[in-house]
Amino acid sequence: MMDTLIVKVVGMTCGGCAASVEKALGKVPGVMAVKASHADAQATVSGEALESRLPELRAAVENAGFDWFD
């Protein structure tokens, strides 16, 4: 079953930042698609069992140099 999460990501200032977030989140197991927007300060993540992967998703965003906002 495919899940979709919309997460707030603080610190993206350009399209390159959004691309970095997309790349980082895309490496998390179970993630099938990511679309990040610096203008909206969010990323939409689609995949399987995402709720159980929240710590990994958060770590991916933070390791890419951005802040995850709950």
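Pop out the ³J(HN,Hα) list for region 31-46 in order, Karplus 6.51 cos²θ - 1.76 cosθ + 1.60 with θ = phi - 60°, rounded to Hz; leave Gly and Pro as x.
Computed from phi, the couplings for region 31-46 are 7, 10, 7, 9, 9, 9, 10, 5, 5, 8, 6, 8, 10, 9, 10, 10 Hz.
What full-extension length gain, to one decimal in nm, is calculated for Val10 and Glu56 as 0.36 nm per residue of separation minus the Cα-Cα distance?
Working: separation 46, 0.36 × 46 = 16.56 nm, distance 1.71 nm.
Value of the extension gain: 14.9 nm.
Can you compute 3J(HN,Hα) from phi for each residue in region 59-70, using the Karplus curve 6.51 cos²θ - 1.76 cosθ + 1.60 with θ = phi - 60°, rounded to whole Hz and x for Gly and Pro?
4, 4, 5, 5, 5, 7, x, 10, 9, 8, 10, 7
Whose amide H sits under 5 Å from the amide H of Ala33, counting only residues 5 or more places off or on another chain, with H placed in the peptide plane?
Long-range HN contacts for Ala33: Ser46.
On C-alpha positions alone, give me the angle between the axis of helix 15-26 and the longest principal axis of the chain, in degrees, nearest 10.
Approximately 20 degrees, to the nearest ten.
Using only DSSP helix segments of four residues or longer, with each worth -39500 (n - 2.57), what per-residue ellipticity at 222 nm results for the chain after dividing by its residue count and rounding to 500? List each step's numbers first, then the result.
On the way: 2 runs with 22 residues, N = 70.
Dividing the helical sum by the residues of the chain leaves -9500 deg cm²/dmol.
Subtracting the Cα-Cα distance from 0.36 nm times the residue separation, let me have the gained length for Phe69 to Met1 in nm, one decimal. It would help to have the intermediate numbers written out before the result.
On the way: separation 68, 0.36 × 68 = 24.48 nm, distance 2.56 nm.
In short, 21.9 nm is gained.
Given C-alpha coordinates of region 6-70, what is the ratio Rg to Rh with the Kirkwood estimate of Rh?
Details: Rg = 10.2 Å, Rh = 11.2 Å.
A ratio of 0.91.
Is there a quick way to get the dipole size of the chain? I mean about its Cα centre, with the Cβ of Lys and Arg at +1 and of Asp and Glu at -1; what is the value in debye to the nearest 20? Don't skip to the answer; put the middle values down first.
Numbers: 6 positive and 9 negative charges, 38 e Å.
My answer is approximately 180 debye.
Considering only protein heavy atoms and a 1.4 Å probe, what is the carbon-and-sulfur percentage of the accessible area of the chain? Before the final figure, lay out the partial values.
On the way: 2230 of 4020 Å².
Using a 1.4 Å probe with all protein chains present, the chain comes out at 55 percent carbon and sulfur.
Expressed in nm², what is the orientationally averaged projection area of the convex hull enclosing the Cα positions of region 1-42? The partial results should precede the final answer.
Working: hull surface 11.2 nm².
The orientation-averaged projected area of the Cα hull of region 1-42 comes to 2.8 nm².
The values are calculated or read from the model by the stated rules, or taken from the named source; none is laboratory data. Remember, predicted model here, so these are calculated numbers, not experimental data. Cβ coordinates were reconstructed from backbone atoms using ideal geometry, including for glycine residues, and neighbour counts include every protein chain displayed. Please note that ligands, DNA and RNA were not included when accessible areas were found on the heavy atoms of the full protein model with its side chains. Shrake-Rupley method; radii C 1.70, N 1.55, O 1.52, S 1.80 Å.
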